[in-house]
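These notes concern the structure reproduced below.
The values are calculated or read from the model by the stated rules, or taken from the named source; none is laboratory data. All of these numbers come straight from a predicted model, not from anything done at the bench. Every residue, glycine as well, gets a Cβ built from its backbone with ideal geometry; the counts of neighbours run over all protein chains shown. Accessible surface is based on the protein model in full, side chains and every heavy atom, while ligands, DNA and RNA are left aside. Shrake-Rupley method; radii C 1.70, N 1.55, O 1.52, S 1.80 Å.
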There are 2 protein chains.
Amino acid sequence: MTTGETATPPRRRDAAKTRRLLLDAAIQRFTRDGYAATTVRDIADDAGVNVALISRYFRSKEGLFEACLTSSVDELRRNTGEAPLSRTPEAIARQIAGPCADGLPYHLVLLLRSSGDEGADRIRLGLLQSYSERLAAVAGWSPGSPEGDDLLLRAQVVLAAAAGIALLRTKTGLGPLAQATEEDLVPPLRDLVEALLKND
Amino acid sequence: MTTGETATPPRRRDAAKTRRLLLDAAIQRFTRDGYAATTVRDIADDAGVNVALISRYFRSKEGLFEACLTSSVDELRRNTGEAPLSRTPEAIARQIAGPCADGLPYHLVLLLRSSGDEGADRIRLGLLQSYSERLAAVAGWSPGSPEGDDLLLRAQVVLAAAAGIALLRTKTGLGPLAQATEEDLVPPLRDLVEALLKND
DNA sequence: GCCTCTAGTAAACAACTGTTGACTTCAAAA
DNA sequence: TTTTGAAGTCAACAGTTGTTTACTAGAGGC
């Protein structure tokens with residue numbers, strides 16, 4: 001081997017990059033194993049950096065967890081945009097049925113994790129709130145609308161279903177659900193979305 | 001006070017009762033906080049008994065967790081019986097919308113908790129499997145039926161939705177969903193069940 | 001070249017974890 | 001009453017946890 005490595009010059013001592021490595025490793029661990037079952041040494045080892053850097057860059061384990069949540073929230077907002085969601089049940093169903101590796105399901109599982117910290121709870125609640133409102137808007141909901149709570153409730157049932165599906169698929173190897181492809185899942189999910197968000 | 005207590009003579013040193021106290025306390029803790037975030041000392045304090053008795057009666061923390069799962073599974077089977085579920089979407093919806101304090105939602109949240117132990121995973125999977133099969137039977141599914149996987153998949157989506165709803169209601173204070181009464185929840189859930197399990 | 005600021009390291013810390021073994025105490029059998 | 005076995009207590013254990021502190025080493029400005 002001549003130089004090894006890829007094209008990138010092996011610039012060491014890159015704080016921003018190290019921070020990113022820690023954040024990515026933490027998101028994976030927290031999503032897969034939960035907050036309490038994950039140790040800071042696990043995360044540091046995955047990232048290939050020293051444990052003490054977690055305290056340096058994120059103040060504490062809880063600080064790192066909050067950073068994971070906001071990072072996830074930001075990426076989710078960036079992907080789906082601020083605009084109302086795609087209007088067709090088909091598109092919504094496809095988003096829920098999408099790959100667990102990234103996309104909505106993956107983020108939802110992380111969003112369901114809890115550290116017991118109040119700050120983290122507020123972040124989580126903020127995203128769930130705004131996402132369910134955008135989902136309700138598909139069915140004709142608007143902030144001050146009459147019968148608003150009913151539409152919002154139905155949107156949140158859709159969101160809960162998405163979360164439950166993501167959880168059952170990744171955490172248990174349940175029946176045909178865990179092995180189902182996106183194409184398998186879209187038809188039933190389209191029915192589900194239509195039944196709950198039909199604007200009639 | 002003359003005798004205090006109820007009719008039962010205050011028989012102390014009751015192994016069976018102590019075991020029950022530990023099991024009940026553990027179920028509550030594991031359901032609320034998860035496996036890793038719960039310590040054996042928490043459980044023992046809640047039950048008002050000594051920590052060492054956990055090792056004595058359940059061999060280990062994981063043994064206690066498995067006992068919680070099987071206890072929950074047993075109680076669930078006892079409640080819903082072996083017979084096929086109530087056939088009407090209304091009844092199924094009502095079961096999902098029921099109180100989180102006990103009933104199906106409460107057990108589902110515990111069922112979603114994980115200890116990383118293989119034995120526990122098998123117990124969990126067993127119940128989810130059998131329950132989704134009974135749910136699929138409502139829509140006409142039977143063990144060797146054609147297009148069987150599709151019906152089973154739809155039933156598991158219903159189950160996942162129930163789990164997600166229970167989780168969002170108890171772990172986050174989300175919007176109208178967390179405060180919704182059974183009466184609020186039944187209509188949208190009836191629509192959900194009908195859309196997914198209609199046997200046409 | 002040297003200096004300095006910061007990224008990264010290593011080791012230790014105190015607190016907490018699940019678990020164990022020797023001990024005490026009660027209640028029923030003899 | 002004495003004996004005996006099980007129910008419950010106590011204290012300590014070895015390992016792990018998150019965090020901090022003192023330290024080393026590399027990169028850019030002079």
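Under the 0.36 nm per residue contour assumption, what length would be gained going from the current alpha-carbon distance of B:Glu147 and B:Ser55 to full extension?
28.3 nm
Show me, bin by bin at 10 Å from 0, the whole-percent P(r) of the protein assembly as shown based on Cα pairs.
So the P(r) values, bin by bin, are 4, 21, 29, 24, 14, 6, 2, 0, 0, 0.
May I ask you to list the residues of segment A:155-176 whose amide nitrogen lies under 18 Å from a point 7 Å from Cα along the Cα→beta-carbon direction of B:Glu118?
Flagged as within label range: A:172-174.
Compare B:Lys198, A:Lys17, A:Lys171 by solvent-accessible area with a 1.4 Å probe and give them largest first, with all protein chains kept in place.
I get A:Lys17, B:Lys198, A:Lys171, largest accessible area first.
Pop the C-beta distance of B:Leu125 and B:Glu182 into the FRET formula with R0 = 35 Å and round what comes out to the nearest 0.05.
0.75
Just report the Cα centroid separation between segment A:57-125 and segment B:104-120, whole Å.
So the separation of the two Cα centres works out to 23 Å.
Working out 0.36 nm times the residue gap between A:Ala36 and A:Thr80, then minus their Cα-Cα distance, what length gain in nm do you get to one decimal?
Net length gain for the segment: 12.8 nm.
Pairs to check: A:Lys198/B:Lys198; A:Lys61/B:Lys61; A:Lys17/B:Lys171; A:Lys171/B:Lys17; B:Lys171/B:Lys198. Give those whose C-alpha atoms are more than 29 Å from each other in this structure.
Checking Cα-Cα distances, A:Lys17/B:Lys171; A:Lys171/B:Lys17; B:Lys171/B:Lys198 exceed 29 Å.
Would you be so kind as to list the residues of segment B:170-200 that have their accessible area lowered by at least 30 Å² in the full protein complex compared with their chain by itself (1.4 Å probe)?
At a threshold of 30 Å² (probe 1.4 Å), the residues of segment B:170-200 that become less exposed are B:Lys171, B:Thr172, B:Leu174, B:Pro176, B:Leu177, B:Pro188, B:Asp191, B:Leu192, B:Ala195, B:Leu196.
Checking understanding here: applying a Kyte-Doolittle mean of at least -0.5 and a length along the axis of at least 24 Å (C-alpha), which whole DSSP H helices in chain B pass?
B:15-33, B:118-138, B:148-171
Suppose the Debye formula is applied to equal point scatterers at every Cα of segment B:66-197; what is log10 I(q)/I(0) at q = 0.12 Å⁻¹?
Here log10 of I(q) over I(0) equals -0.46.
Rounded to a whole number, what % of the accessible area of chain A do carbon and sulfur atoms account for, probe 1.4 Å?
50
Please give the FRET efficiency for A:Thr70 paired with B:Lys198, using the beta carbon to beta carbon distance and R0 = 41 Å, rounded to the nearest 0.05.
0.50
Just tell me how shielded B:146-157 is by partners: mean number of partner chain Cβ atoms within 10 Å of each residue's Cβ, no decimals.
5
What does the buried accessible surface come to for B and A, summed over both chains, with the probe at 1.4 Å? Round to 100 Å².
3200
Please report, for B:Asp184, the nm distances (one decimal) from its label point, 7 Å out from Cα along the beta-carbon direction, to the equivalent points in the remaining copies, shortest first.
3.5
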